[in-house]
1. Give the residue that is modelled with the lowest pLDDT, with candidates limited to residues of segment 154-186 that are among the small types (Gly, Ala, Ser), surrounded by 12 or more Cβ atoms within 10 Å (Cβ to Cβ) and not in a helix (DSSP H, G or I).
2. So which residues in segment 256-268 are farther than 14 Å from residue 217 by Cβ, open to solvent by less than 70 Å² (accessible area, probe 1.4 Å) and of a type outside the set (S, T, N, Q), if there are any at all?
3. If you check 74, 100, which single one turns out to be in contact with a Phe, Trp or Tyr (Cβ under 8 Å, 6 or more places away or on another chain), at pLDDT 95 or above, closer than 30 Å to residue 232 by Cα and surrounded by fewer than 18 Cβ atoms within 10 Å (Cβ to Cβ)?
4. I need a count of the residues in segment 83-103 that are out of contact with any Leu (no Cβ under 9 Å at 6 or more places or on another chain) and within 27 Å of residue 52 (Cα to Cα).
5. What pairs come up if the first residue lies in segment 69-94 and is under 23 Å from residue 57 (Cα atoms) and outside any loop (DSSP other than H, G, I, E, B), the second is modelled with pLDDT of 95 or more and open to solvent by 80 Å² or more (accessible area, probe 1.4 Å), and their beta carbons are under 6 Å apart, counting only those six or more places apart or on different chains?
6. Can you name the number of the only condition in (1) open to solvent by 50 Å² or more (accessible area, probe 1.4 Å); (2) modelled with pLDDT of 50 or more that residue 16 fails?
7. Against the condition closer than 19 Å to residue 294 by Cα and either open to solvent by 60 Å² or more (accessible area, probe 1.4 Å) or touching a helix residue (DSSP H, G or I) at 6+ places or on another chain (Cβ under 8 Å) (or both), how does residue 67 come out, does it pass?
8. Would you mind finding the one in 294, 271, 289, 241 that is among the polar types (S, T, N, Q), open to solvent by less than 50 Å² (accessible area, probe 1.4 Å) and out of contact with any Cys (no Cβ under 7 Å at 6 or more places or on another chain)?
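The values are calculated or read from the model by the stated rules, or taken from the named source; none is laboratory data. No experiment lies behind these values; they were computed from the predicted model shown. Positions of Cβ are generated from backbone atoms using ideal geometry, with glycine treated the same way; all protein chains shown enter the neighbour counts. To get the accessible areas, we keep the full protein, side chains included, count just its heavy atoms, and leave off ligands, DNA and RNA. Shrake-Rupley method; radii C 1.70, N 1.55, O 1.52, S 1.80 Å.
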Amino acid sequence: MDIRSNKPRRALTIALLAATLVSGTAAACLCTKGTIIVRKFYDANANGIQESTEVRLANWPMTLGSSALGTLGTLLTDSFGYAQFSQIPAGTGYWAREATPLGGNWVQTAPRVNGVPVNPVTGITVTAGHTTHVAFGNYCTKPSGGRTPGYWHNKNGYATMLDGNPPSVLPELNLLVGLNLVNHNGSAFDPVSHPQFAAWLLDSNATNMANKLSSHLAAMRLNVEANFVNGNRIYAPFGGTINALIAAANASLGANPYTPAGHPQRAYQETLKNYLDALNNGAPVVSPTPCSRTFAPY
């Protein structure tokens, strides 16, 4: 047999086989269906973006649905933080929803639409033979641990300031002298004793907003020094760490020590004061690591 005469037949056989595969069930599925992978990560800096150092979260319920098909099902994220929905008909109008933990201390940060986190995320398109990715980010919060200016005014605060060896308030007072604290009239306040400091705290008011900001800045600086508050923790409303908030407040006082009604920097100082006031009262801060979580039955 002349082997050269088999070449056209072999080519035809391959072509027929390929045509059979394309028209078969497996290839038809490949051409009409796709995959959606929902990824879950812990957003340790609360910015809505997954950095390389941020971990994935397992056992988080994710639900997939469609405006045309309704709810398609719920999966738990695996050890890699993935919930993979396979064999999804190609098309538009799909949505993905993450479950919200019970307890109220988890905050969603991604995905976002116009800067606002959305859950569910809608308008997902599935392309045949391709994988579509959706990422949900969350962080959890814990109380700051702060103590109020009233605490630092009373005997408990005084006892805390005497925690050195030998007991002395001078190290704490020197920390306060290093800040740009001000009196009612905008003059510098440099405390030399606890009674003087306590009286100043009690007498502070917002007629000069810089004076009221000073009292909360002083309390927060002492909170950090006493390890009641970790200055490296992120306070989401501020968008940065507590140490950065302390620095911003101190810089503002240095530049604008007298901010009565009508002053252009008064509103900014009031915002900083409100942040510090909240943290001195134990406002929640971002935990650097994931907290425990439970979900309602699904």
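1. 168
2. 260, 263, 266, 267
3. 100
4. The qualifying residues number 5.
5. That search, which allows pairs on different chains as well, returns 76/59.
6. Residue 16 satisfies every listed condition except (2).
7. No; evaluated as a whole, the condition is false for this residue.
8. 241
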